1. In the range 198-218, what count of residues is obtained for those that are surrounded by fewer than 22 Cβ atoms within 10 Å (Cβ to Cβ), part of a helix (DSSP H, G or I) and touching a residue at least 24 places away in the same chain (Cβ under 8 Å)?
2. If we keep just the residues of the range 91-113 that are in contact (Cβ under 8 Å) with a residue 60 or more places away in the chain and either part of a loop (DSSP other than H, G, I, E, B) or small (Gly, Ala, Ser) (or both), which is farthest from residue 30 (Cα to Cα)?
3. Could you grab me the full set of residues in the range 310-330 that are crowded, with 22+ Cβ neighbours inside 10 Å and acidic (Asp, Glu)?
4. What number goes with the only condition from (1) in contact with a strand residue (DSSP E or B) (Cβ under 9 Å, 6 or more places away or on another chain); (2) outside any strand (DSSP E or B); (3) surrounded by 18 or more Cβ atoms within 10 Å (Cβ to Cβ) that residue 404 does not pass?
5. Does any residue of the range 236-255 turn out to be surrounded by 15 or more Cβ atoms within 10 Å (Cβ to Cβ), acidic (Asp, Glu) and assigned to a strand (DSSP E or B)?
6. When you scan the range 219-230, do you find a residue that is outside any loop (DSSP other than H, G, I, E, B), in contact (Cβ under 8 Å) with a residue 24 or more places away in the chain, charged (D, E, K, R) and surrounded by 16 or more Cβ atoms within 10 Å (Cβ to Cβ), even just one?
7. Being of a type in the set (Val, Ile, Thr) and within 18 Å of the chain's Cα centre (by Cα) is the filter; apply it to the range 161-189 and report the residue that is surrounded by the most Cβ atoms within 10 Å (Cβ to Cβ).
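The values are calculated or read from the model by the stated rules, or taken from the named source; none is laboratory data. Computed from a predicted model, the values in this text were never measured in an experiment. Every residue, glycine among them, receives a Cβ derived from its backbone with ideal geometry; neighbour counts consider all protein chains shown.
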Amino acid sequence: MSKIIICGGRKLDGEVNVQGSKNAVLPILAATILNEEECVVHNCPDLADTRSGFEIIRQLGGKVSFCDHTAVIKTENMKRHEISGELMCSMRSSVLFLGPIISRCGQAVISYPGGCAIGLRPIDLHLKAFKELGVKIEEVGGYIYCKADRIRPATVNLLFPSVGATENIMLLATVSRGETMIVNAAREPEIVDLQNFLNRMGAKISGAGTEIIRIIGVEKLKKVEYNIISDRIFATTCACAAACCGGDVVLRNMEPEHIRLIISMLKDSGCKVVSGENHVRIQNSERLLGLGKIMTSPYPGFPTDAQALFMSALATADGTTVFVENIFESRYKHVAELIKMGADIIVDGRLAAVTGCNYIQGAKICAGDLRGGAALVIAGLSAIGDTEITGIEHIDRGYERIENVFSALGASIKRK
């Protein structure tokens, strides 16, 4: 079993090219199923989840070639409508293939999706919306059987601005007749990227990035070539590491607007942050300042994916920070590992109070989920002594060889 070894305490200096967005590429891969023409997707991050997406497309009868972060996808011969339980369990975003399969084949069979164990992430909103759009759904023995002779246009009011449900509705309704509207839609940049990709193929979708999205169904899509946006959570990971380790780090090939709130919070913690057209520079030489209260919420609020990252960065800050996790109820698995390193953290339900200590100490720790694992890397980089992290298969779901990223910035980090 692989592990990451870190000798902490080094400042980080240099430049990082921000990878393509994990959370954008997965719905875009699912969208290629809607198109019988060739799809060329650039800036695809080389991740475990991306490769799982490729395998789903292949299992359905499509062809995928992948080289130098470019995927060429052809699904003209796609005939299958069922995804194996093994692939469904490999990642949460596998559920995003449900809408496109129904749209393409008129039916679909999947099991419940997997992914990180960070609490209940029901797909009830997806299924409820699908029913409103004319899909007949039956759940038997852990499998979901869907069938639709045609998609029935409707106005879907989401009880919560779910990213996955918003994307799945967009994917289901793209190739249809009539107009479908999503009210209380998720507003994340990845939603905008999906809209842009679909429209480049010939779809008629507007409103992504706002609370209301309109989809006017089209009969057919066309060949497309597209560049995935940069990964705002990858950028946040690097920024948090630079903040707590100290140094001077420039993040290249990114959209600063996507992490505007993160930049503001880093400034409040004492960092100097300067952003340009497609880059952000983080400089820090002092102990960070606690940030009072941080509450996770849908975009443009503080992202749940950044909660663990900031917790690691603020574990040695001057003052106390209280985190309130409003999205997932089991997203504090990293806390026990940080406590092993000497962090002062108290958890009460969805609240976690972090009182900054003078330093944390390297230890043997285990990643339990993707972002929690990245947070442990940040902690190891800032700790005194050696840190050994197991469970790094979780980290590989969202980061391309994270050890290479930080090694290039001067950290002592390697994979064994």
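1. Residues that pass the stated criteria total 1.
2. Once the filter is applied, the top-ranked residue is 91.
3. 325
4. (3) is the only condition that residue 404 fails.
5. yes
6. No.
7. Here the answer is 166.
Yes/no matrix, rows are residues, columns are (1) out of contact with any Gly (no Cβ under 8 Å at 6 or more places or on another chain); (2) among the hydroxyl-bearing types (Ser, Thr, Tyr); (3) modelled with pLDDT of 95 or more:
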residue	(1), (2), (3)
361	no, no, yes
366	no, no, yes
373	no, no, yes
378	yes, no, yes
382	no, yes, yes
387	no, yes, yes
391	no, no, yes
395	no, no, yes
401	yes, no, yes
